[in-house]
Each structure stands twice: as structure tokens, then as C-alpha cells.
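Colleague: Just passing along the structure, written as C-alpha cells.
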Amino acid sequence: MTQLGFVGVGRMGANMARRLRDKGYRITAVQDRDRHVARELARELDCEAATTPARVAELSDTIVTVVSDDEAMHEIYADGTPSSLLTFAKKRLFVNCATITPSVHIEVERDVERCGGASLEACMASSITQARQGTLYLMCAGKRETFERAKP
């Protein structure tokens, strides 16, 4: 069974995680800048409240990122830092649902692949209600094999 982790569990990320858990997926870890929010959701989902993005990647096969902007995306993928998602990128799938500039998505994909993982851009065109109901609309970009890997 796929082990899913979430980095960025504000209202959108938290409801995506809840929906996937309700559909039988195993959520292994959640992490957020707001540690209180991550701890509360982790209790609800019966998973680890990770203190770093790296820990989420360590515990998960697939990592969904739902962060707010380019700066936050650079922070969680900061190469050379022990808290970076890249620390455990090898053989991992990253589904990036952040609202960020296209150039940052390209940078992330390049960095993840350099570290042995795969990355898919999955921009959202819906909101919190759709995330919770499972009707979230994602516009995906990336390599065909990465998209196929993410489909299940």
C-alpha cells in the first residue's frame, strides 16, 4: 500500500489528506510551518506529526506538497539542508499542488530527479470543499511515466 505524506496541511492540504485517508490510503506523516496544526491533524489521522519535510519523505513513498508560494516551495526543497525533502528523494514521488511560478516547478522537478525521485506538477483549480468531497480538479504537468505512477 502506498504510504502518503503531506507537507503543508493548512485548510486545503488537511482536507486533501482527510479525503485520501477516508478512501483507504495510509497517511504516514504530515508537516506544516504551524506545528500545532500538524499535531492536531496527525492525531486525527493517526500518523506522525513530522518536524521537518525530510521526515515526511523518509516515512512516505508519495509526498503531496500544498504550500503557499515560491518561497515556501524553495524552503521545503532547499538542497543541502537536512530538513529538505531532497534528503530522502530517492525512489519517492512528489506531487506538488502548490500555487507557484512555472520556473519553480521546473527547478523542483530537476532537483528531485537529480536525487533519484520523480516530481509531478499538480496545480489545483478548485477549493477546500472540493478537496474534502474528492472532486478536486488538478491540472498536471510532468513526464508521462510520472503521471501514470501518480494515478492510483
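Colleague: Let me spell out the model: positive unit charges on the Cβ of Lys and Arg, negative unit charges on the Cβ of Asp and Glu, origin at the Cα centre of the chain. What dipole size does that give, in debye rounded to 20?
Modeller: Numbers: 21 positive and 21 negative charges, 121 e Å.
Charge dipole, the chain, about its Cα centre: 580 debye, nearest 20.
Colleague: Among all the lysines, which ones have a C-alpha under 21 Å from K23's C-alpha, if same-chain residues fewer than 8 places away are not counted?
Modeller: Partners found: K151.
Colleague: Let me ask you something else. Per 0.36 nm of contour for each residue apart, how much would the distance between E113 and E44 grow if the chain were fully extended, relative to their Cα-Cα spacing? Please list the in-between numbers first.
Modeller: Working: separation 69, 0.36 × 69 = 24.84 nm, distance 3.29 nm.
My answer for the length gained is 21.6 nm.
Colleague: What is the chain's relative contact order, in percent, from Cα pairs under 8 angstrom and six or more apart in sequence? Before the final figure, lay out each step's value.
Modeller: Values: 315 pairs, mean separation 30.7, N = 152.
Once divided by the residue count of the chain, the mean separation gives 20 percent.
Colleague: What percentages, rounded to whole numbers, describe P(r) for the range 51-152 computed over all alpha carbon pairs with 5 Å bin width beginning at zero?
Modeller: 3, 14, 25, 26, 20, 11, 3, 0
Colleague: Could you list M16, M1 so that the one with the fewest beta carbons within 10 Å of its beta carbon is first and the one with the most is last? Display every interim value, and only then the final one.
Modeller: On the way: M16 26, M1 7.
So the residues, fewest neighbours to most, are M1, M16.
Coordinate-derived values only; no laboratory data. Owing to the predicted nature of the structure, the values given are computational and were not obtained by experimental measurement. Cβ: placed from backbone, ideal geometry, glycine included. Neighbour counts: every protein chain shown.
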